[in-house]
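Here is the structure we will look at.
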């Protein structure tokens, strides 16, 4: 997969950019947030302003975007994050961005690797050292993780915070779990669904679990209040930035919208939310770390990838707990009859196809020219859009199972 990204996909994108005049700057998803934080903290400028957006484009794309040029990207790369993201980036604003990029890339790599043992601990799966090593290699060698690391995407940071917060929750450190989940709301569309589930769980036994609520709500209040002090009225500015983001990303359709048309996709999303709310309500009394509790957490994170209004593949790192849960239950899934085995085989092939295709391109590069291999750059991506649906389908097949496997 690393070979595919570095020697097939990126060269293909570079050739396409040169042919069609598509601008390419640093292409770091961290850059708009970092520059916005620097301008606000050091120069007291509004990171949501059109002036700062143009400066972001100069760094991200190499020049300002020109609406008159048909091949220019539509994504304006505005500062479409809650203003309190500046507090996480504050230690870096005095550093050159090249240094920040390097530090952040290694941080994301470390978090991605660490998320495997963290989720295994959360799921209470006592896997062997060999199994843990294989799972870490496969995770780091997955396309979503690789794409996120290459782009320095904050989704990987959020996924790491969620993984660590879920582990702390299971270990009984509820206040710190709440603090981390609140920090993860720098991408609210990813963190709020699972945080809402943990809040429901905590409210069901207030005496023993209230620490999570205090940690989450208290930290969120400090972050939002601090942002209001630094940038008064930031909530309205953030809302405008999100609306603009959806406009220049042509509605930012969800995966369900893409797979089933926007009209049907929205109804399916509503049904999924209603079902998840009902299922979470039924499981709210379970102890953290119990099979039923982990099942709801995995379902919500997997459904989040399918429902949120963006199909970016780096968000698929949130599928990791669901995949690990299915691997933990592999014997039960495989022994449930012929029909279930066929479903498991199809969904399993969907998940592993990117690695098979990437290996095929690697093998083909021995005999074929680089340009011929790059012409097939799309092969490993054929099933990526279907992978979250496959994982959700397998989790749904296992809803009735409450027995833990080793």
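The values are calculated or read from the model by the stated rules, or taken from the named source; none is laboratory data. Remember, predicted model here, so these are calculated numbers, not experimental data. Note that each Cβ is placed from the backbone with ideal geometry, even for glycine, and that neighbours are counted across all protein chains shown.
Being assigned to a helix (DSSP H, G or I), within 22 Å of the chain's Cα centre (by Cα), within 27 Å of residue 221 (Cα to Cα) and in contact (Cβ under 8 Å) with a residue 24 or more places away in the chain is a property that holds for residue 242.
All conditions but one from (1) crowded, with 17+ Cβ neighbours inside 10 Å; (2) assigned to a helix (DSSP H, G or I) apply to residue 210; the one that does not is (1). Scan the range 12-31 and give yes if some residue there is assigned to a helix (DSSP H, G or I), within 26 Å of the chain's Cα centre (by Cα), touching a residue at least 24 places away in the same chain (Cβ under 8 Å) and over 30 Å from residue 232 (Cα atoms), otherwise no. Yes; the residues of the range 12-31 include at least one that is assigned to a helix (DSSP H, G or I), within 26 Å of the chain's Cα centre (by Cα), touching a residue at least 24 places away in the same chain (Cβ under 8 Å) and over 30 Å from residue 232 (Cα atoms). For residue 250, the stated conditions do not hold, so it cannot be described as at pLDDT 85 or above, loosely packed, with under 14 Cβ neighbours inside 10 Å and not in a helix (DSSP H, G or I).
Yes/no per residue for (1) surrounded by fewer than 24 Cβ atoms within 10 Å (Cβ to Cβ); (2) modelled with pLDDT of 95 or more; (3) farther than 15 Å from residue 111 by Cβ:
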{"site": "139", "(1), (2), (3)": "yes, yes, no"}
{"site": "146", "(1), (2), (3)": "yes, yes, no"}
{"site": "149", "(1), (2), (3)": "yes, yes, no"}
{"site": "157", "(1), (2), (3)": "yes, yes, no"}
{"site": "162", "(1), (2), (3)": "no, yes, no"}
{"site": "173", "(1), (2), (3)": "yes, yes, yes"}
{"site": "178", "(1), (2), (3)": "no, yes, yes"}
{"site": "199", "(1), (2), (3)": "yes, yes, yes"}
{"site": "202", "(1), (2), (3)": "no, yes, yes"}
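When you look at residue 202, is it closer than 25 Å to residue 304 by Cα and touching a residue at least 12 places away in the same chain (Cβ under 8 Å), yes or no? Considered against the rule, which asks whether it is closer than 25 Å to residue 304 by Cα and touching a residue at least 12 places away in the same chain (Cβ under 8 Å), residue 202 comes out as yes. Residue 317 meets the conditions (1) assigned to a helix (DSSP H, G or I); (2) modelled with pLDDT under 95; (3) closer than 30 Å to residue 72 by Cβ in every case but one. The failed one is (2). When the range 34-46 is filtered for residues that are in a loop (DSSP other than H, G, I, E, B) and without any contact (Cβ under 8 Å) to a residue 40 or more places away in the chain, the ones remaining, listed by number, are 44, 45. Annotation: residue 51 fulfils all but one of (1) over 30 Å from residue 233 (Cα atoms); (2) in a helix (DSSP H, G or I); the unmet one is (1). For the range 284-298, a residue qualifies if it is farther than 14 Å from residue 196 by Cα and outside any loop (DSSP other than H, G, I, E, B), and the qualifying residues are 291, 292, 294, 295.
Regarding the range 6-28, can at least one residue be identified that is surrounded by 20 or more Cβ atoms within 10 Å (Cβ to Cβ), more than 30 Å from residue 355 (Cα to Cα) and in contact with a helix residue (DSSP H, G or I) (Cβ under 6 Å, 6 or more places away or on another chain)? No, there is no match, as no residue in the range 6-28 is surrounded by 20 or more Cβ atoms within 10 Å (Cβ to Cβ), more than 30 Å from residue 355 (Cα to Cα) and in contact with a helix residue (DSSP H, G or I) (Cβ under 6 Å, 6 or more places away or on another chain).
Among the residues of the range 253-267, those identified as under 14 Å from residue 305 (Cβ atoms) and either part of a helix (DSSP H, G or I) or modelled with pLDDT of 90 or more (or both) are 255, 256, 257, 258, 259, 265.
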